[in-house]
C-alpha cells in the first residue's frame, strides 16, 4: 500500500500552550485511519494543519512521498485534501448545489445545471442521497453533512478528514455514512476520522492513531486492539468502562406530564398526547430518532416551548405541594429547581456565549440576583474553578474565552454549570455528545451522583448501549408520540430500536409502567 500523506515531527504552540509536539502520522491510499484522544489532546489542531487553517511551527508534511507546504485551505485543495468540520460551514438560504460550488474559482459563469449533474453523479457513485435543489435550512443534520462531504469531493479531494462525523447522527444515519466511507475507500480515497466512539473506531477503521496531551502515543491495527487497550493509551491509565447503576432509593413522584400536545406555527404536530411520570432518585431516559420530539418535550417542561393542551405538574420536595408548570415563566421554573442542561448541535450558538470567559458564562446563570450594576464575581469564579477541576476542563485559565476551548471542553462547562446549581429535576440532553470516553464517564458518574442525592434526572441520549446501562426506565418517542416505556434493566437494544421506528397500536397507553 502506498502512503498518501505523512506527517513528521509536527509541532504547534499557541502562546505557552503546546497543542501538538513532534507528532508522526501516516495514511495510506484506500485506508481509513481513526485519530483518538481526550478532549484537548490536539486532534483537531493537527487536522487543521493538514487542511491549511493553521501552519505548523515545526515539522514536515509529505504527500505521495514529496514534501509540501500548506499555508491555506486553497493549498490543501490544490493537494486534494478536504476537511469536513464538526460545525458545518454552509449558507442556510442557499441550495445544496449552490453551497457545493460556492467559492470555486472559475472564469466562466456558474453553470448550475452542469453542477447539479455532477453532484448527482458523485451521489450515485458513493451512495449519497441528496436533493441538489433543497435549501440548507430545510435539511436534517445528516443531509447537511452530506452536502459538506460532496463539496470536498466536487473539488477533487482524495484525502478526506472528518471531525466527529457521527456526533449528532442516529445509529441508522451512522450506518449509512459508514457504508459511503467504505465505498470511498474502495475507490482509493484516504480517510481520516476524528471520533470518540470506540465501538465505531473498531467497526470502520483499518488503523488507529492515539494522541495524549498533544503528543503521539502509538498507531495500532484495529484488528489487533480492543476498547480497554485504546482507552488506556488515550488516558494513560486503566479506566473501568462500566457505569454503576444503583437501585433508586425512596423514589417519590416529582413530575407528572399528562396528555401534552404541541403544534408548530405551521400547524405541524410536534408532541402528540405525551404522558409519563418521573420520580426522584431515578434516571429516566428518553430515546428516539433525531427530531422525534425530544427537544420540544424538554423545552415544554422548562417553559421554553408553548404547549397547546395538557398539564405538567411538579411536586415541590420541600412543601409536597403540586405546582402547574404551564402557569410559570422559564425563570420561575428554574428558580423552583427544574433545570435544563441542553447540549445543542451548536453549543456556542445556544448554550454559551463564545466571546465571554468561563467565569462570565457562569455569571449568566445568576446575574439576576445582582443588586447593583456591579455584579458579584466571586461566586461565579469559585463555580468556574470547581467545574474546571472536577470535569478536568483543559483551559489556560477561568478567564479564557469559551470559543478558544475545544468542543468537548465547551460542553463540560455547559453541563457543569447546570449540575452545580443543585437542581431537584435535572434534564440533561445529549450531555456526552462529542466527549471522549474518559469525560463521558465523568458525566455519567455526576448524573449518578445527582440520582443518589434524590434528584429526578431526565437523560436524553443517542447511544442505546449507554441508555440501557445508565437509566432505570426509558421512554421511547416516535414522531412526537410515546411508543412505549420500558424497564432499562430488562429491555434490549432491538426492542428499543423497534419502538423508535414504529408507534404501537395503543399509542403508549401503558405509559406509566
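The conditions are (1) touching a strand residue (DSSP E or B) at 6+ places or on another chain (Cβ under 7 Å); (2) more than 22 Å from residue 291 (Cα to Cα); (3) assigned to a helix (DSSP H, G or I), and residue 148 fails exactly one of them. Which is it?
Only one criterion in (1) touching a strand residue (DSSP E or B) at 6+ places or on another chain (Cβ under 7 Å); (2) more than 22 Å from residue 291 (Cα to Cα); (3) assigned to a helix (DSSP H, G or I) is unmet by residue 148, namely (2).
What residue, among those in region 6-56 that are part of a strand (DSSP E or B) and out of contact with any strand residue (DSSP E or B) (no Cβ under 9 Å at 6 or more places or on another chain), is modelled with the lowest pLDDT?
Per the criteria, the residue is 17.
Any chance region 390-404 includes a residue that's in contact with a helix residue (DSSP H, G or I) (Cβ under 9 Å, 6 or more places away or on another chain), within 24 Å of residue 230 (Cα to Cα) and part of a helix (DSSP H, G or I)? Full working, then the answer.
Of region 390-404, the ones in contact with a helix residue (DSSP H, G or I) (Cβ under 9 Å, 6 or more places away or on another chain) are 390-403.
So of that shortlist, the ones also within 24 Å of residue 230 (Cα to Cα) come out as 390-394.
Restricting the remaining residues to those that are part of a helix (DSSP H, G or I) gives 390.
Scanning region 390-404 turns up at least one residue that is in contact with a helix residue (DSSP H, G or I) (Cβ under 9 Å, 6 or more places away or on another chain), within 24 Å of residue 230 (Cα to Cα) and part of a helix (DSSP H, G or I).
Pick from region 317-349 the residues that are out of contact with any strand residue (DSSP E or B) (no Cβ under 7 Å at 6 or more places or on another chain), within 26 Å of residue 462 (Cβ to Cβ) and modelled with pLDDT under 85: which of them is surrounded by the most Cβ atoms within 10 Å (Cβ to Cβ)?
The residue in question is 347.
Taking region 304-316 as the region of interest, how many residues are more than 15 Å from residue 424 (Cβ to Cβ) and either modelled with pLDDT under 85 or assigned to a loop (DSSP other than H, G, I, E, B) (or both)? Please lay out each step first, then the result.
Just the residues of region 304-316 that are more than 15 Å from residue 424 (Cβ to Cβ), to begin with: 304-311.
Within this subset, residues satisfying the condition of being either modelled with pLDDT under 85 or assigned to a loop (DSSP other than H, G, I, E, B) (or both) are 304-308.
Residues meeting the conditions: 5.
Among the residues that make up region 491-505, is at least one of them modelled with pLDDT of 80 or more and outside any helix (DSSP H, G or I)?
The answer is yes; a qualifying residue exists.
Exactly one condition in (1) assigned to a loop (DSSP other than H, G, I, E, B); (2) at pLDDT 90 or above; (3) within 21 Å of residue 199 (Cβ to Cβ) is not met by residue 462; state its number.
(2)
Out of 228, 190, 258, which single residue is at pLDDT 90 or above and surrounded by fewer than 18 Cβ atoms within 10 Å (Cβ to Cβ)?
After applying the criteria, what remains is 258.
The values are calculated or read from the model by the stated rules, or taken from the named source; none is laboratory data. None of these values were measured; they are calculated from a predicted model. Heads up, the Cβs are rebuilt from the backbone with ideal geometry, glycines too, and the neighbour counts pull from every protein chain shown.
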